[in-house]
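The structure under discussion appears below in the form of structure tokens.
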Amino acid sequence: MTLIPAPVSHIAGDGSFTIAPETRVAAPSAARPVAEYLAEWLRKSTGFAVPVAVGPASRGDISCGLEPGHPPNGYRLEADPTGIRITASDTAGLFAGVQTLRQLVPIAADADSGWSVPATTITDFPRFAYRGAMLDVARHFFGVDDVKRFIDAIALLKFNVLHLHLTDDQGWRLEIDGWPRLTSHGGSTQVGGGGGGFYTQADYSDIVDFARSRFVTIVPEIDVPGHTNSALASYPELTCDGQAPGLYEGIEVGFSSLCIDSERTYEFVADVLGQVAALTPGPWIHIGGDEALATPADDYIRFIDRASGIAAATGKTVIGWHEMGRSAGLPAGTIGEYWSFTTPEGDAADLSRRFVDNGGSLIMAPGDVAYLDMKYDASSALGLEWAKGPTSLEDAYGWDPADIVPGVEEADILGIEGPLWTETVTTLAEAERMAFPRIAALAEIAWSPRRERDFAGFADRMAGLGEHLSALGIAFERTPNVPWR
Ligand code: ACM
């Protein structure tokens, strides 16, 4: 069975089910959107009509059924010669089961057996609730269609969060009412030149809606108080000397800061976060807080105390990079995103534990294994190396989030995330190639039960997934030690 992420359990049965021209997808009306999604994908793959039948399933159907008793987002998939039945307690679980089925259906019909799915019973549910990828749309801008394609690609691996890094020194990417220069000026650049871009609020809502159709929650990040040159360049009133810096197209970090003792700064933060929260149906808002090297240490703490309160007042749960643990005034339940290494450096572990002590939890994104923008090997044309890169597929697979911060246990971890920073990444195809296949390793760590990591077995399954990626037109790196077909 070549599934990624590996399911909790699977038992092979006898024979197989063959998808035929008359095959239907059956579902109750509450599951109709998932059934339509599955049918649409089956039509594209097989060329068959694949009607959706709302109501009870018949022999020979592929059915999606809702019933109590499954874990959240979990599902059971039973395939036998009479049909395929996916059952779950919520539509997110059905959607996860459909992603499993997508990997079970061959990429092409076999001349003898047709579109056949081997008989099996799979019982499955996620290890972590938060299974995230991050796309940096600030260093290089990625348009709405690119983001949708990226969401579709990660949904195949049962990711359920896309964190959008919407603002940075090189570009401000989300239209904010009352602050038009953020995007008209601050959104006009990106790393290396060539113009930038931004999302109107309607564009952003379009992304959010599409993500929801794929059971992916968007986490918007407005990175403050550092990483703000694009905002400072747009509104000199956000600087302490009232002088707007020029726009920035390089890749240095740590040189920009909002003016910490200006009330205008907090009006800005409240306006921006209020609008972002109103546009975002998901429960989280991310306020960055990383690498504020141009903000004096005391100022940083005062700023985070106040900005995190403003963020929480929007009704969202606040997320910040682990440096925000320096603030003793974080709203209870604030979530820290850990981005030090698998062996914590400096005070990263201590700062991260503070989120847990404050009633929050951690998202683990250790840079040396989860950063998808690291080079694969020294000869990679794309990518950076600063986070202990290069980072091989073996590196991305060979770690566990519960082994990193002493005193932080499984239950303190909300999930994991693979950030894709885009200093060197300029197109969606390049983004896919940096993400895949390493993001598949992260998917397995996020979803599958903790087991001994068997890289050879993973690599065999990865080769199978590679065929699906090719069929879907998703670019990936043909990393060594995988028997790619
Ligand atoms: C980060 O990589 N600065 C979170």
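Taking the Cα-to-Cβ direction at R485 and at L293 and moving 7 Å from each Cα, how far apart do the two end points lie in nm?
Between R485 and L293, the simple spin-label model gives 4.7 nm.
P(r) of the range 313-391 in 10 Å steps, Cα pairs, percent per bin?
Using 10 Å bins, I get a P(r) of 20, 40, 25, 13, 2 for the range 313-391.
With a 4.7 Å Cβ cut-off, tell me which Cys residues in the chain come up empty for a partner.
Here C64 come out as lacking a disulfide-compatible partner, given the Cβ-Cβ threshold of under 4.7 Å.
Net charge within 12 Å of R181 by Cβ-Cβ distance, Lys/Arg positive one each and Asp/Glu negative one each, not counting R181 itself? Present the calculation step by step, with values, prior to reporting the outcome.
Values: positive: none; negative: E175, E237.
Spelling it out: positives minus negatives among the neighbours equals -2.
Per 20 Å bin, what is the whole-percent P(r) computed from every C-alpha pair distance within the chain?
Reading upward from the zero bin: 24, 54, 20, 1.
Angle, helix 144-155 long axis vs. longest principal axis of the chain, Cα atoms, 0 to 90°, nearest 10?
50
Pop a pseudo-label 7 angstrom from the Cα along the beta-carbon direction at both D152 and S213 and give the gap in nm to one decimal.
Between D152 and S213, the simple spin-label model gives 1.0 nm.
Could you report the chain's accessible area per residue, 1.4 Å probe, as an integer in Å²? It would help to have the intermediate numbers written out before the result.
Numbers: 17070 Å² over 485 residues.
That works out to 35 Å² for each residue.
Take every Cα-Cα distance within the range 331-450, group them into 10 Å bins from 0 onward, and report for each bin the whole-number percent of pairs it holds.
In order of increasing distance, the bins hold 14, 44, 30, 11, 0 percent.
Once you put a point 7 Å from the Cα of D403 and another 7 Å from the Cα of A463, both along the Cβ direction, what distance in nm separates them?
Rounded to a tenth, the inter-label distance reads 2.6 nm.
Applying a 10 Å radius around every beta-carbon, put 203-211, 165-173 in order of their mean neighbour count, most first. Each step should come with its number before you reach the end.
On the way: 203-211: 18.8, 165-173: 28.2.
Taking the mean over residues of other Cβ atoms within 10 Å, the ranking is 165-173, 203-211.
Principal axis extents for the range 58-166, Cα atoms only, whole Å, descending order, please.
Computed over the Cα atoms, the extents are 51, 39, 21 Å.
List the relative contact order of the chain as a percent without decimals, with contacts defined as Cα pairs under 8 Å and 6+ residues apart.
Values: 1120 pairs, mean separation 66.8, N = 485.
In percent, rounded to a whole number, it is 14.
State the extension gain, in nm to one decimal, for the chain segment bounded by E410 and E36, taking 0.36 nm per residue of separation less the distance between their alpha-carbons. Before the final figure, lay out the partial values.
Numbers: separation 374, 0.36 × 374 = 134.64 nm, distance 3.59 nm.
131.0 nm is the gain from fully extending E410 to E36.
Calculate the tail of P(r) for the range 383-438: the fraction of all Cα-Cα distances greater than 14 Å, expressed in %.
Everything past 14 Å amounts to 65 percent.
With a 1.4 Å probe and every protein chain kept in, tell me what percent of the accessible surface of the chain is carbon plus sulfur.
On the way: 8860 of 17070 Å².
Roughly 52 percent, rounded to a whole number.
Using θ = phi - 60° and the Karplus form 6.51 cos²θ - 1.76 cosθ + 1.60, what ³J(HN,Hα) does each residue of the range 368-384 get, whole Hz, x for Gly and Pro?
7, 10, 9, 6, 7, 9, 6, 4, 6, 8, 4, 8, 4, 6, 9, x, 10
The values are calculated or read from the model by the stated rules, or taken from the named source; none is laboratory data. Predicted model only: the values in this text are computed from it and were never measured. Backbone-built Cβ (ideal geometry, glycine too); neighbour counts: all protein chains shown. The protein model used for the area step is the full one, side chains on, heavy atoms only, and it has no ligands, DNA or RNA in it. Shrake-Rupley method; radii C 1.70, N 1.55, O 1.52, S 1.80 Å.
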